[in-house]
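Comments concern the structure below.
The values are calculated or read from the model by the stated rules, or taken from the named source; none is laboratory data. Bear in mind that the values here come from a model prediction, so they are computed numbers and not experimental data. Cβ placement follows ideal geometry from the backbone for every residue including glycine, while neighbour counts extend to all protein chains displayed.
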Amino acid sequence: MPKIIPVADELSKTFWDGVNDKRLILQHCAACDRLQYPPKPACQFCGSGEKLEWKDVEGKGHISTYIVIEDGRLNRRMPDQPYNLALITLDEDTSVNFYSNLPGVPPYEVPVGSAVEVMFEEVAPDQLIHEWKVVG
Amino acid sequence: MMATQNQYQWRRDKDGLGVWDHRGKVAVAGYGHSPVDRRWDERSMDQTLGAYTILACKLAMEDAGVTPAQIDGIICCDSHIAGGSGGTASNWAPRPYFDPPYDSELGLTLINGEWLAKVMELPNVKFAPTGVPTIGEMMGMAAQAVADGKCNTCLVIYPTGNLEGRYRRGGENAEDYAKGARQWVAPWGNHGGNDFINIFPHNQYCLKYGGTHDDLAPFVINQHRNGLLTPWGYNASHGLEQLTVEDYVTSRYILNPLRLWDCDRPVNASAAYLFTTAERARDMKQPPVYVLNHSQHNFPNRTTQPDLDEIEDWTDRAAKRMFEGAGLGPADVDIFNPYDGYATMTQFYLEAFQWHGVKRGDAFAFYADDIRVEGPHPFSSSGGNLGNGRTRTAMYTDSIQQLRGAAGPRQVTVRAETALAAFVTPSSGGWIMFGKHPS
Ligand SMILES: [Zn+2]
């Protein structure tokens, strides 16, 4: 089940270094006290570049909705079909969302509304990605 | 001969720009369609994207009654979505090429103004920009270019290519690594497209307002019905049978709940439109169809996946820009041809533009009512991409035909004096408003 491997760039390196360290670190704007993910060169709310810092977040969220990829276009994921693709909102700021394949949850059996927490999954040697697991 | 105009600032892509200065001063005087094939067979030289584009241009010129010497502008989209993955990976090459003018990729899977001017022997082309965007924006670019005097009699061309193999399975979709924007989505299975943009908000829509995915059925079926009333389209020209509710609700899933019949069929085809000044158009063969406004939008994602709130905000803003620039409101729009290249997004446009009073959450009930062309609410009278294949041109051609009173069996029975058409996503693209009258 090989997932596609993210390639870090200058803007995303801190984020992926964090993930490889099993930490979820998002951009935070000190000026307007908001989180930002994926990272951008400046705060999307106030435009500030200098006030952006990196902040560890708790990694708790909820499942907003989901689809099941039955006939996608990504070669590397074909053997996984059908697989869940859930939309996870972050509890600390529900305007931030993430994707998850919800490891361990059979396709079509996604408990929408359930609490999830971040976990980390290896997609290549020395490369983790952030995934989410249902809790409780 | 050619002026390359990469720096040309033509977009109307901000809030609060007011009425378009050139409202009613530009017109569409002609259109032409090639046959619409499923794919180019890589052998028939009279069915290449180039041959089809030449044909479409000739038909558009004939429709308007203009000669090759009168053409002084060619605005042709550079990206033709052909082949394995679309974009640069879609080339027919590397193979041995053919005799001129098919001795390179140009004319087979790529078309540009320079190549066309040469093979069509258009001696007076002075404006043939590169970097021309896809049709939703291109129509606005053409309107603005004629208004600004960049050219007076302009061919505006949208070729859509399709080769053997499953659509867009090559290129970066075949790669093991995800760079740039794809690093945030591809590891989990999102290849980045209008399907993913809209399917999550569509689910949220069903939850928020009530309804289920298959409430789209009457809309999809009506698109197919209108498509079968469109002789040039893929469905009508290939003798397809009318899609039924049964067909729809039993069709296989692509991105569950997105079904096969929510998706448009990739095709190999070309279409051309003849844009000119309103003044010149009045002396041409057809009644002019005036451009009342063009507007564009390109809204950045706030986070990984746009949600329903974001989609509603974006489409509201796009509607406001369009109405403001045209000096019209929802009740003034007679013909409404929003984009349907995935059935799951059209409700967002319908409700944002409040066509026939449809407000947020009302779309499924509206779809279930009478939306046939002969009825009181002839929604998407073109049949769109779902009814005609993925040419992305039906919305425009139908709008022009309706205002001319020449839509044949699709001619609406309600008033047809204004028409709004688009190729868009909620986040990006453009709208154009046409009028039977210049003001
Ligand atoms: Zn800020």
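Looking only at region B:286-329, residues that are part of a loop (DSSP other than H, G, I, E, B) and within 30 Å of B:ILE199 (Cβ to Cβ) come to 9 in all. The lone criterion from (1) touching a residue at least 12 places away in the same chain (Cβ under 8 Å); (2) assigned to a loop (DSSP other than H, G, I, E, B); (3) away from chain A (no Cβ under 14 Å) left unmet by B:ASP283 is number (1).
Taking region B:309-362 as the range and being surrounded by fewer than 21 Cβ atoms within 10 Å (Cβ to Cβ) and either within 14 Å of another protein chain (Cβ to nearest Cβ) or on the phi > 0 side of the Ramachandran plot (or both) as the test, the residues that pass are B:ASP309, B:GLU310, B:ASP313, B:GLY327, B:GLN354, B:HIS356, B:GLY357, B:GLY361. Those strands (runs of 3 or more DSSP E) of region A:1-92 in which at least 1 residues are within 16 Å of the ligand (Cβ to nearest atom) and of a type in the set (Lys, Arg), considering only elements entirely within it, cover A:34-36, A:52-56. In the condition set (1) surrounded by 13 or more Cβ atoms within 10 Å (Cβ to Cβ); (2) within 22 Å of the chain's Cα centre (by Cα); (3) modelled with pLDDT of 95 or more, B:VAL66 is compliant with all but (2).
I'd like the full set of residues that are free of Cβ contacts under 8 Å to residues at least 40 places away in the same chain and of a type in the set (Gly, Ala, Ser), limited to region B:286-331. Passing the criteria: B:ALA319, B:GLY329, B:ALA331. Filtered by the rule that a residue be surrounded by 22 or more Cβ atoms within 10 Å (Cβ to Cβ) and part of a helix (DSSP H, G or I), region B:97-116 gives B:GLY113, B:LEU116.
Taking region B:18-60 as the range and being under 24 Å from B:LEU403 (Cβ atoms) and either modelled with pLDDT under 95 or part of a loop (DSSP other than H, G, I, E, B) (or both) as the test, the residues that pass are B:VAL19, B:TRP20, B:ASP21, B:HIS22, B:ARG23, B:GLY24, B:LYS25, B:SER34, B:VAL36. Within the set B:GLU324, B:GLU310, the sole residue that is within 21 Å of B:ALA143 (Cα to Cα) and among the acidic types (Asp, Glu) turns out to be B:GLU324. Taking region B:179-195 as the range and being buried (at least 19 other Cβ atoms within 10 Å of the Cβ) and either over 30 Å from B:THR397 (Cα atoms) or within 7 Å of chain A (Cβ to nearest Cβ) (or both) as the test, the residues that pass are B:ARG182, B:GLN183, B:TRP184, B:VAL185, B:ALA186, B:PRO187, B:TRP188, B:GLY189, B:ASN190, B:HIS191.
Would you check if there is a residue in region B:286-307 being farther than 21 Å from B:THR67 by Cβ, among the aromatic types (Phe, Trp, Tyr) and in contact with a Gly (Cβ under 8 Å, 6 or more places away or on another chain)? Yes, some residue in region B:286-307 is farther than 21 Å from B:THR67 by Cβ, among the aromatic types (Phe, Trp, Tyr) and in contact with a Gly (Cβ under 8 Å, 6 or more places away or on another chain).
Condition check ((1) of a type in the set (A, V, I, L, M, F, W, C); (2) touching a residue at least 24 places away in the same chain (Cβ under 8 Å); (3) within 8 Å of chain A (Cβ to nearest Cβ)) across all residues:
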{"site": "B:LEU163", "(1), (2), (3)": "yes, yes, no"}
{"site": "B:GLY171", "(1), (2), (3)": "no, yes, no"}
{"site": "B:TYR177", "(1), (2), (3)": "no, no, yes"}
{"site": "B:ILE197", "(1), (2), (3)": "yes, yes, no"}
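I'd like the residue in region A:111-136 that is part of a loop (DSSP other than H, G, I, E, B) and within 11 Å of another protein chain (Cβ to nearest Cβ) and, out of all such residues, is surrounded by the fewest Cβ atoms within 10 Å (Cβ to Cβ). The residue in question is A:GLY113. For first residues located in region A:10-22 and within 17 Å of A:GLU117 (Cα to Cα), partners that are modelled with pLDDT of 95 or more and lie 6+ apart or on another chain with Cβ distances below 6 Å form the pairs A:GLY18/A:ILE25; A:VAL19/A:LEU128; A:VAL19/A:HIS130; A:ASN20/A:LEU128; A:LYS22/A:PHE120.
Quick check: is even one residue across region B:238-256 more than 23 Å from B:ASN388 (Cα to Cα) and at the interface with chain A (Cβ under 8 Å from one of its Cβ atoms)? Yes, the conditions are met somewhere in region B:238-256.
The residue pairs whose first member lies in region B:46-60 and is within 13 Å of B:CYS76 (Cα to Cα) and in contact (Cβ under 8 Å) with a residue 12 or more places away in the chain, whose second member is part of a helix (DSSP H, G or I) and hydrophobic (A, V, I, L, M, F, W, C), and whose beta carbons are closer than 8 Å, counting only pairs six or more residues apart or on different chains, are B:GLY50/B:TRP115; B:GLY50/B:VAL119; B:THR53/B:LEU116; B:ILE54/B:LEU116; B:ILE54/B:VAL119; B:CYS57/B:LEU116.
Given A:ASP33, A:ASP21, A:ASP56, A:ASP9, which one is away from every other protein chain (no Cβ under 13 Å), over 15 Å from the mean Cα position of the chain (by Cα) and not hydrophobic (A, V, I, L, M, F, W, C)?
Numbers: A:ASP21 fails: over 15 Å from the mean Cα position of the chain (by Cα); A:ASP56 fails: over 15 Å from the mean Cα position of the chain (by Cα); A:ASP9 fails: away from every other protein chain (no Cβ under 13 Å).
It is A:ASP33.
Of the residues B:LEU243, B:LEU255, the single one that is crowded, with 23+ Cβ neighbours inside 10 Å and more than 18 Å from the chain's Cα centre (by Cα) is B:LEU255.
Beta carbons closer than 6 Å, at least 6 apart along the sequence or on distinct chains, pair a first residue in region A:26-52 that is free of Cβ contacts under 8 Å to residues at least 40 places away in the same chain and under 16 Å from A:SER95 (Cα atoms) with a second that is more than 8 Å from the ligand (Cβ to nearest atom) and aliphatic (A, V, I, L, M) for A:HIS28/A:LEU35; A:PRO39/A:LEU11.
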